[in-house]
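The values are calculated or read from the model by the stated rules, or taken from the named source; none is laboratory data. Just so it is clear, the structure is predicted and the values come from calculations on it, not from any experiment. For neighbour counting, all protein chains shown are included, and Cβ atoms are generated from backbone atoms with ideal geometry for every residue, glycine included. To get the accessible areas, we keep the full protein, side chains included, count just its heavy atoms, and leave off ligands, DNA and RNA. Shrake-Rupley method; radii C 1.70, N 1.55, O 1.52, S 1.80 Å.
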Amino acid sequence: MRAAVCVLLALSIAVPASAASLSRTYSYFPVGGMTLTEIERQLRERGPRLESTGQRHPGATSMEFTTRIDYAEGDGYCHVADARVSVEAKVLLPKWRDRRRAEREVRLIWDTLSRDIKRHEESHLSIAKTHARRLEDALKNLGRMTSCEALARKAEATTARMLAEHDAAQDRFDRIEAINFESRILRLLRYRLEQIEAGRLQP
């Protein structure tokens, strides 16, 4: 899900530097059905709807970036004393209600699919954390200017540019995942079957 961005630019005293941080919370929506067809229909009907596409998906992650910048003045110049970027993420995943009543093959496919959905959403978090660190580093290295107001405008432009790069990276990841979905699921299913047959995984 395209990130919602909250940028806080504040003039304050310098504080010790800290790395970009990411916090996450998980919530779940119910999915019913005894067959793969029923489960697929439930995912289409109950999955979160993305505002950017209007389509429903089996999982979603919303993110809010918060950027705080501390400025310091001296010798006629203003520079960034510290910059901190944090990301607050909310992950929404499906939870299957009819697992115990379903056949073994359906449970196997669901387990494979649900793990892949969670991996996909957590990959979005990794992308966000990487770009938050890059943004933090870029803000800390903006150099100095003759006024904090001018430097704040430069920081705002830098933030907008790098958050656009973040959104593009998230979109690119989604496109690649969609192309490789079928082959990836088949490979994961094959691996789980091998683990079960070898006794290393419970059926």
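Some observations on this one:
- Candidate residues 173, 65: accessible-area rank, largest first, probe 1.4 Å: 173, 65
- Of the residues 129, 95, the one with the largest accessible area comes first in the ranking 95, 129, computed with a 1.4 Å probe on protein heavy atoms.
- Here is the list for region 86-191: GluC sites (Glu not before Pro) lying in DSSP coil, each with at most 13 other C-beta atoms within 10 angstrom of its C-beta, are 103.
- For region 93-186, the relative contact order works out to 31 percent when only alpha carbon pairs closer than 8 Å and six or more residues apart are counted.
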